[in-house]
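Q: Sharing a structure, written as structure tokens. Questions coming.
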Amino acid sequence: MPTPTRWTRRAAGLAVLGGLNGLAGAGPARAVGPTTGSFYYSGPRSNHFDGERFFNPEGGSEPRSFAEVLTWRLTSRSEVWPDDYPSPYAGTRPGSSGKAGLRATLVGHATFLLQIGGLSILTDPIWSDRASPVSALGPRRHNPPGIAFDDLPRIDAVLISHNHYDHLDLPTILRLWQRDRPLIVTPLGNDAIIRSEDPAIAVTPLDWGDTAVLGRGVTATAVPALHWSARGLADRNHALWAGFVVKGGGHTIYFAGDTGFGAGRHFRDMAARHPAIDLALLPIGAYEPRWFMASQHMNPDDAVQAMRLLRARQGLGCHWGTFHLTDEAVDRPARDLAEALARRDVPAGRFLAMRPGQVWRS
């Protein structure tokens, strides 16, 4: 019988990456949406929705089979992480969002505080100690949030890219809603999941290409990503996934959420439809082993290529160093990013491996 520590690292983590929360002690997803269509969404067919499930038009990013998950976990040579991986920037106390300028602060994992056009916006907020459907198991934080929850300014809007537990954290969303009543924007179907926590929570669902007005002239457009979704054993791809392009105050930000690189087409399309991207927030972690992860998570070299295809002025790397989800060492994403930048002749300062609490200003 595995020890709880090993179980937490090797099995409960599947709830985040594989949607297999049955292995972590939770049951199948509860149908909170319509009885027809998907669990969470009912709408017309499209080039990425077949009437029941969402899919990637490019293909190549379907959830791995249970057999493949077991093969990975049984053959895994996962690097051991230290119990704590503290950030030198911890304890940041951000001020209110000014009308001019652009400021991005990494809270941890894929959570950024974006201050643009007079608004304060959070991406994929998670302040919970574990990214899991249960509080006692699952990947735990190896560093505290770079901004304490009580030190947050008033949050005007929340962008949620998809429903995996390390990106859609219902306890955090409920806290934010009770405190600030922010505008919550997420891809189709995820609104039903959020309202299952509290029916009073107001959520704006978007399809790829749809735009929401966040306030003060700031907008967020949902854009394609190469990924997938699941909260349990029975709801794979019943909710959509997306990245976001945020525009306001004379600036443009791209937040990738989770995505594979594929052939890079969605990044080329993004650059054509949303030119002059000032800031690209790109995941650089959770990428080993490549045979398992390449279709759904970029590695640092992929992220550098994505930044160049986007023609982004600045890249910030996230999705590393907080939750131990895959096999690479805690600091390997930063090392691999530095090597990729040197190999591709990109100045090191143009793409930073951000740490919790670290601030970038335009």
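Q: Using DSSP, restrict attention to beta bridges with both residues in segment 222-300 and report what percent are antiparallel, rounded to the nearest 5.
A: Details: 7 of 10 bridges.
Given both bridge residues lie in segment 222-300, the antiparallel proportion sits at roughly 70 percent.
Q: Still on this structure, please answer the following. Note down the relative contact order for the chain as a percent, whole number, built from C-alpha pairs under 8 angstrom at least six residues apart. Working shown, then result.
A: Working: 869 pairs, mean separation 74.1, N = 362.
The normalised contact order for the chain reaches 20 percent.
Q: How would you classify segment 88-221 from its alpha-carbon gyration tensor, with a ≥ b ≥ c the square roots of the eigenvalues: rounded for a/c under 1.5, else prolate if a/b is greater than b/c, otherwise oblate? Walk me through the numbers on the way to the answer.
A: Details: a/c = 1.75, a/b = 1.06, b/c = 1.66.
Here segment 88-221 falls in the oblate category.
Q: Under the rule a/c < 1.5 gives rounded, and otherwise a/b versus b/c splits prolate from oblate, where does segment 90-130 land using the Cα gyration tensor?
A: Details: a/c = 2.75, a/b = 1.94, b/c = 1.42.
Prolate is the answer for segment 90-130, as a/c is 1.5 or above and a/b outweighs b/c.
Q: Starting with the highest mean, order 41-49, 104-112 by the number of other Cβ atoms within 10 Å, averaged over the residues of each peptide. If you can, show how the numbers build up before the last one.
A: On the way: 41-49: 14.8, 104-112: 26.9.
So the order, starting with the most tightly packed, is 104-112, 41-49.
Q: Heavy atoms only, probe 1.4 angstrom, no DNA, RNA or ligands counted: give me Lys247, Lys99 ranked by accessible area, highest first. Mind showing how you got there, number by number?
A: Numbers: Lys247 70, Lys99 170 Å².
In descending accessible area the options line up as Lys99, Lys247.
Q: In addition: Ignoring any ligand, DNA or RNA, what whole percent of the accessible area of segment 255-355 comes from carbon and sulfur when the probe is 1.4 angstrom? Please report the intermediate quantities before stating the final value.
A: Details: 1680 of 3390 Å².
Percent of accessible area from carbon and sulfur atoms in segment 255-355: 49.
Q: Run through every distinct alpha carbon pair of segment 51-145 and return the Kirkwood hydrodynamic radius in angstroms, one decimal place. Please report the intermediate quantities before stating the final value.
A: Details: mean 1/r = 0.0579 Å⁻¹.
About 17.3 Å for segment 51-145.
Q: Ranked highest first by average number of other Cβ atoms within 10 Å, how do 258-265, 174-181 line up? Spell out each step's value before the answer.
A: On the way: 258-265: 19.8, 174-181: 15.8.
Per-residue Cβ counts within 10 Å, averaged per peptide and sorted highest first, yield 258-265, 174-181.
Q: Report the charge-dipole magnitude of segment 291-361 in Debye, nearest 20, computed about the Cα centre from +1 at each Lys and Arg Cβ and -1 at each Asp and Glu Cβ. Please list the in-between numbers first.
A: Values: 10 positive and 8 negative charges, 96 e Å.
Value, rounded to 20: 460 debye.
Q: Another one. Which FRET efficiency, nearest 0.05, do Ala338 and Ser42 yield, Cβ-Cβ r, R0 51 Å?
A: Working: r = 47 Å, r/R0 = 0.92.
Computed FRET efficiency for Ala338 and Ser42: 0.65.
Q: When the helix-only estimate is applied to the chain (DSSP H runs of n ≥ 4, each -39,500 (n - 2.57), divided by the residue count), what is the mean residue ellipticity at 222 nm, nearest 500 deg cm²/dmol?
A: Details: 9 runs with 73 residues, N = 362.
Using -39500 (n - 2.57) per qualifying helix, the result is -5500 deg cm²/dmol.
Q: With every protein chain left in place and a probe of 1.4 Å, what is the accessible surface of Arg73, to the nearest 10 Å²?
A: Spelled out: Arg73, probe radius 1.4 Å, area about 30 Å².
Q: Still on this structure, I have one more. For volume of the Cα convex hull per residue in Å³, pick the label among (i) 150; (ii) 124; (iii) 136 that corresponds to the value derived from the coordinates.
A: The calculated read-out lines up with (ii).
Q: Using a 1.4 Å probe and ignoring any ligands, DNA or RNA, find the accessible area of Thr322 and quote it in Å² to the nearest 10.
A: 0 Å²
The values are calculated or read from the model by the stated rules, or taken from the named source; none is laboratory data. Everything quoted here is computed from the prediction, not taken from an experiment. Virtual Cβ from ideal backbone geometry, glycine too; neighbours counted across all protein chains shown. Surface accessibility is based on the protein's heavy atoms, side chains included, excluding ligands, DNA and RNA. Shrake-Rupley method; radii C 1.70, N 1.55, O 1.52, S 1.80 Å.
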